[in-house]
1. When you look at VAL104, is it surrounded by 14 or more Cβ atoms within 10 Å (Cβ to Cβ), more than 21 Å from VAL43 (Cα to Cα) and either touching a Cys at 6+ places or on another chain (Cβ under 7 Å) or not hydroxyl-bearing (Ser, Thr, Tyr) (or both), yes or no?
2. So THR84 passes all but one of these: (1) crowded, with 19+ Cβ neighbours inside 10 Å; (2) touching a strand residue (DSSP E or B) at 6+ places or on another chain (Cβ under 8 Å). Which condition number does it fail?
3. Out of the residues in segment 72-90 meeting the condition of being hydrophobic (A, V, I, L, M, F, W, C) and part of a helix (DSSP H, G or I), tell me which one is nearest to ASN117 (Cα to Cα).
4. Kindly indicate whether LEU41 is surrounded by fewer than 19 Cβ atoms within 10 Å (Cβ to Cβ) and touching a helix residue (DSSP H, G or I) at 6+ places or on another chain (Cβ under 6 Å).
5. Collect the residues in segment 126-141 that are surrounded by 12 or more Cβ atoms within 10 Å (Cβ to Cβ) and in a loop (DSSP other than H, G, I, E, B), keeping them in residue-number order.
6. Out of (1) over 19 Å from the mean Cα position of the chain (by Cα); (2) at pLDDT 90 or above; (3) not hydroxyl-bearing (Ser, Thr, Tyr), the odd one out for ALA56 is which?
7. Does PHE123 fit the bill of being in a strand (DSSP E or B), within 14 Å of the chain's Cα centre (by Cα) and of a type in the set (A, V, I, L, M, F, W, C)?
8. Can you pull out every residue in segment 114-141 that is farther than 19 Å from ALA74 by Cα and either touching a helix residue (DSSP H, G or I) at 6+ places or on another chain (Cβ under 6 Å) or touching a residue at least 24 places away in the same chain (Cβ under 8 Å) (or both)?
Amino acid sequence: MNCDKPRQKGQRSALLSGWRSDRGSVAASLIILPMVMLAILMVVHFSLVLHARNVATAAAQDGLRTAQLEGSNAAAGEAAAETTLDLFASISADVDIDRGDDYVVVTVTGSVATPLNGLFNEFTIGAEGPVERFYEESERK
């Protein structure tokens, strides 16, 4: 295109000829913006839920390790699990420890406060293992 030639009346420039009308762009923006905001909200929600489940798993494992020790009891394991849960204020959970003579079962049940409450924000995490004990030489197989 030669820029030296003057443009005739009614003739569009080369730059504007490729552009289309803006009709309907507001309607598209009204649909796209809420969908993007919802997607961001869902990412934040599921991140909080997964984090809470990881913290509950760590609490169950801490409670299990403490309750498994020889000479320990369920109350010590529950205190260890509660200490781990107290590090994260957004999680409300209950710890239940069943310690028998040979086996320990820890269950952490709770929920996490998220922007979309009620959508997968409740969890039940369990951990189990044998009670640690010292075997006499005569008891070994």
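1. Working: surrounded by 14 or more Cβ atoms within 10 Å (Cβ to Cβ): yes; more than 21 Å from VAL43 (Cα to Cα): yes; either touching a Cys at 6+ places or on another chain (Cβ under 7 Å) or not hydroxyl-bearing (Ser, Thr, Tyr) (or both): yes.
Answer is yes for this residue.
2. In the conditions (1) crowded, with 19+ Cβ neighbours inside 10 Å; (2) touching a strand residue (DSSP E or B) at 6+ places or on another chain (Cβ under 8 Å), THR84 misses (2) alone.
3. Start the filter on segment 72-90 by keeping residues that are hydrophobic (A, V, I, L, M, F, W, C), which leaves 74-76, 79-81, 85, 87-89.
Checking the rest, the ones that are also part of a helix (DSSP H, G or I) come to 74-76, 79-81, 85.
Working: ALA74: 32, ALA75: 31, ALA76: 32, ALA79: 28, ALA80: 28, ALA81: 24, LEU85: 20 Å.
Here the residue is LEU85.
4. Here the answer is no, as LEU41 does not meet what is asked.
5. VAL131, GLU132, ARG133, listed by residue number.
6. Failing condition for ALA56: (1).
7. Considered against the rule, which asks whether it is in a strand (DSSP E or B), within 14 Å of the chain's Cα centre (by Cα) and of a type in the set (A, V, I, L, M, F, W, C), PHE123 comes out as yes.
8. Matches in segment 114-141: THR114, PRO115, LEU116, LEU119, PHE120, ASN121, PHE123.
The values are calculated or read from the model by the stated rules, or taken from the named source; none is laboratory data. If you're wondering where the values come from, they're calculated on a predicted model, not measured in any experiment. Glycine gets a Cβ as well: all are built from the backbone with ideal geometry, and neighbour counts include every protein chain shown.
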